[in-house]
Structures are given as C-alpha cells and as structure tokens.
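Just below is one structure, and these are the notes that go with it.
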Amino acid sequence: MATLIAPSNHSPHEDAETLQHAFKGWGTDEKTVIVILGHRNVYQRQEIRRAYEEIFQEDLVKKLESELKGDFERAVYRWIHEPEERDAVLLHVALKSGKNYHIIVEISSVLSPEELLAVRRAYLHRYKRSLEEDVASHTSGHLRQLLVGLVTSYRYTGDEINVRLAQSEAEILHESIKEKNGNEEEAVRILSTRSKIQLIATFNYYREIHGASITKKLLDEESDDFQKALYTAIRITTDHVKYYEKVLRHAIKGVGTDEDAVTRVIVSRAEIDLGVISEAYYKRNSVLLEDAVASDTSGDFKHFLLTLLGKDD
C-alpha cells in the first residue's frame, strides 16, 4: 500500500514552469517544490524533468541541488530520480563510507531480479564501473563474497519450494552461522543464490528444529561486518516490512535522529508499501509514523516527508 497521493491528470510543462517560478527571486519557494514534486509519481516526475530541460535548457536535478539545502535537498534529490538511479547513488555512497554495508544488503535483497539488474545498469552508466567491481574493491574476505554474491544474484521468482533442500540447508546454516565451524562459504552460497521463498522455507524449518529464529543471538558486541551483513540479509528476506519498521524505529528513537535512514525508507517505499510499514510502526510503537516523523524533524524537510506519507494537510 503506497502513501503517495498523485493526481491522475497533470501537465508536466505547467509543473516545470511553476517550479521555475519558485526558483526566481531572492529565495526559493520551497512550499511550491513540495506541493508539486511531493504529489507526483515516478513517471510524472521524469516527465517534469524532461519538460524542464526542454523549456529552460537546464537540468532540473542540478537546479534543485543549487536551490535547496541540507536534509531537505537530500530527500528531494533522491525522490526526483528514478528508483534504479536512486539506488545506484545510495550504493555508491554506502561503499564510499566504508561502513554502511547494510544498505548494500538491504537494496540487493529487497529488489526483484529485474529491478536489481536495472540498478546495476544505472550504476555502470553513472560511475563507469560495474557495481560488483566497486563492491569487490571496497571489501574483503567473506564480506566481499557475500556482497558480490548478493548484488550479482538473479534469483528464481516462482512459487516452487524444495522441502528437502530447505531442511538440509537449515542445518548447514546452523553449523556455518551459529556453530561457526569455518564454513562461511556455504552460508554465502545459500543466501546469495536461493529464491526468497526457498530461503523463507529454510528459515521456518530452522525455527521448527531449533525453537528460535536463526537471527536469535546472531549478533553480539564482537560481531564483525560479515556477521552483521548476514543478519541484515536474513531479516529483510524473512519480512522486509518488519525490517523497515525497525530501521525507522532505531532512526527516530534515542538521542538524535538518523535523518538519512528516515529519508531512505520513506523515499524508497512511498510508492510501494510505506502504508503497510506505517501500520507495522504503529503496531510496534503505539505511535503514528507521521507523528514520530513530525516530532523528530523540522522545516521543509519535515513537510516533504509528511507529504510522501500522505499527511501534508
């Protein structure tokens, strides 16, 4: 269930001209930017980009970068791009950070095979290097094996499940992940090649046999990046809605807000299932997601996020 509220009839040329007018003068009319872009779906936004360049011979993305600032600019920048472009940028930034490997796992695990392939194409077009090349050059060891396996995976998307395989691989995962018998390559092979429905069957069988989720006590203070990546891959494959709810909960609670994480989830899921994630957030925290966002953000950034949540009135 998406939260984006977009009109069925809009004029990209009129939108482009209205945006240009908002940029004129001593200060940008941020409210107009939010009203237009915050209520246009991905196809409409690309039409506006083309119309803006056609009319004003200027790249709308670059114009927005120069006119907006801070978290608001970052959120609009991610929103204006097509999903595969946005994910390519997120992956590149994560790799450059040298620490946000969970974002690589998140994107590569939640997307369909065709969507992931589109991201890889967008990454190659934008950075003139393959995604797997950059992943390999920024990581090492088992973490490299897992991340390269995930970003290059093209999984089966049908409904067939091999029960015997699920049973045997549940035990393989137990030995390689929980018992840490030094056979990490098997965990990498299973998590990066099996279909999502097959992996869920494997995780469910693990719970039946061992009486607890495979992620139970998987992490501790001594966990390395590889173990954290395994944890993220299992969590998001098992239930991506619960995964995103937890990302938002941790980003909002505590001292200081992780604006980047909040932006990533809201922008990337607003046209897909942000409504379902919002319901999960309320069920878990007894607080409406829009209220939590409103209390922990401010200014144009807050208004833009609330607009994507469908709560801009």
Of THR215, THR237, the only residue that is of a type in the set (Ser, Thr, Tyr) and modelled with pLDDT of 95 or more is THR237
Exercise. For HIS210, state whether it is loosely packed, with under 14 Cβ neighbours inside 10 Å and not small (Gly, Ala, Ser).
Key: no
Of the residues in the range 178-188, those that are more than 17 Å from ILE236 (Cα to Cα) and in contact (Cβ under 8 Å) with a residue 12 or more places away in the chain number 4
Taking the range 32-56 and keeping only residues that are among the acidic types (Asp, Glu) and either under 22 Å from PRO83 (Cα atoms) or surrounded by 16 or more Cβ atoms within 10 Å (Cβ to Cβ) (or both), one is left with GLU47, GLU53
For helices (runs of 4 or more DSSP H) lying entirely in the range 1-92, having 1 or more residues that are touching a residue at least 60 places away in the same chain (Cβ under 8 Å) and more than 29 Å from TYR123 (Cβ to Cβ) picks out 30-37
A careful count of residues in the range 146-196 that are at pLDDT 95 or above, of a type in the set (Val, Ile, Thr) and closer than 15 Å to TYR231 by Cα gives 2
Note on the range 173-215: residues of a type in the set (S, T, N, Q), farther than 19 Å from GLY141 by Cα and either in contact with a Cys (Cβ under 9 Å, 6 or more places away or on another chain) or part of a helix (DSSP H, G or I) (or both) are GLN198, THR202, ASN204
Restricting the range 279-313 to residues that are in contact with a Ser or Thr (Cβ under 7 Å, 6 or more places away or on another chain) and either assigned to a helix (DSSP H, G or I) or on the phi < 0 side of the Ramachandran plot (or both), the one most open to solvent (accessible area, probe 1.4 Å) turns out to be ASP296
Scanning the range 281-313 residue by residue, those within 17 Å of the chain's Cα centre (by Cα) and of a type outside the set (Ser, Thr, Tyr) turn out to be LEU305, LEU308, LEU309
Exception for SER286 within (1) farther than 14 Å from HIS250 by Cα; (2) in contact with a helix residue (DSSP H, G or I) (Cβ under 9 Å, 6 or more places away or on another chain) falls at (2)
Among residues of the range 57-97 being open to solvent by 20 Å² or more (accessible area, probe 1.4 Å) and among the basic types (Lys, Arg), the residue nearest to the chain's Cα centre (by Cα) is ARG78
Scanning the range 1-31 for residues that are at pLDDT 95 or above, open to solvent by 30 Å² or more (accessible area, probe 1.4 Å) and either under 21 Å from the mean Cα position of the chain (by Cα) or within 26 Å of SER298 (Cα to Cα) (or both) gives THR18, GLN20, HIS21, ASP29, GLU30, LYS31
Here the residues within the range 129-184 that are charged (D, E, K, R), open to solvent by less than 80 Å² (accessible area, probe 1.4 Å) and over 23 Å from the mean Cα position of the chain (by Cα) are GLU169, GLU171, LYS178, GLU184
Here the residues within the range 127-146 that are β-branched (Val, Ile, Thr) and more than 18 Å from LEU116 (Cα to Cα) are THR139
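The values are calculated or read from the model by the stated rules, or taken from the named source; none is laboratory data. Since this is a predicted model, take the numbers as computed values, not measurements. Note that we place each Cβ from the backbone using ideal geometry, even for glycine, and neighbour counts take in every protein chain shown. In case anyone asks, the SASA skips ligands and DNA or RNA and just uses the protein heavy atoms, side chains included. Shrake-Rupley method; radii C 1.70, N 1.55, O 1.52, S 1.80 Å.
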